[in-house]
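A quick write-up on the structure given underneath.
The values are calculated or read from the model by the stated rules, or taken from the named source; none is laboratory data. Quick caveat: nothing in here was measured; it's all calculated off a predicted structure. Because the Cβ atoms are built from the backbone with ideal geometry, glycine has one as well, and the counts that use them run over all protein chains shown.
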Amino acid sequence: MTAHILARYFRGCMMLDGLIVDPDYRDRGFGNRLCTHGLQIAMWDKVSVGVVATDEGSKMYSSLGFESRERFQLVDAAPWKEATLEFHAMRWDLAVEEA
C-alpha cells in the first residue's frame, strides 16, 4: 500500500488488516461478525478504524458505516503478466455520542 494513503486517511486509526473469508464460506456473515468485533474494540478504545478493501469487501464495510475516502490502484508487475488491482481506502469514525 502506498505511504500517502496510510498518512492521509489512517493516522491514529486502528487498522483491520487481512480480513479474508474463504469463497466457500462467503455470504454467511463471518466477515461481518469479525468486523463488528473489531468495531467493538475500537469503541472501547475510542478510536477510528481504517481498512483497505476490494470492491466486493467495500460493500460489507459500507453496510457497517465505513466511508470510502479514496479509490486507488496497485499494479502487480509480475514478470509473466501485469495486473492492476483496485482498492478502497475506507474509514469508520466513532460517532460523537459514542465517544
Q: Could you list all residues from the range 21-47 that are more than 22 Å from Ala95 (Cβ to Cβ), part of a loop (DSSP other than H, G, I, E, B) and out of contact with any helix residue (DSSP H, G or I) (no Cβ under 8 Å at 6 or more places or on another chain)?
A: Asp22, Arg26, Asp27, Arg28, Gly29
Q. Across the range 63-74, what is the total count of residues that are free of Cβ contacts under 8 Å to residues at least 40 places away in the same chain and closer than 17 Å to Gly18 by Cα?
A. 1
**Q.** The one condition in (1) at pLDDT below 95; (2) assigned to a strand (DSSP E or B); (3) of a type in the set (Gly, Ala, Ser); (4) under 11 Å from the mean Cα position of the chain (by Cα) that Gly50 fails to fulfil
**A.** (1)
Q. Is one or more of the residues making up the range 53-68 surrounded by fewer than 16 Cβ atoms within 10 Å (Cβ to Cβ), at pLDDT 95 or above and touching a Lys or Arg at 6+ places or on another chain (Cβ under 8 Å)?
A. yes
(Q) Exactly one of these conditions fails for Cys13: (1) free of Cβ contacts under 8 Å to residues at least 12 places away in the same chain; (2) under 20 Å from Arg69 (Cβ atoms). Give me its number. (A) (1)
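Looking only at residues that are aromatic (Phe, Trp, Tyr) and loosely packed, with under 12 Cβ neighbours inside 10 Å in the range 1-48, which one is nearest to Tyr61 (Cα to Cα)?
Tyr25
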Q.
I need the full set of residues from the range 1-17 which are over 14 Å from the mean Cα position of the chain (by Cα) and assigned to a helix (DSSP H, G or I), in order please.
A. Ala3, His4, Ala7, Arg8
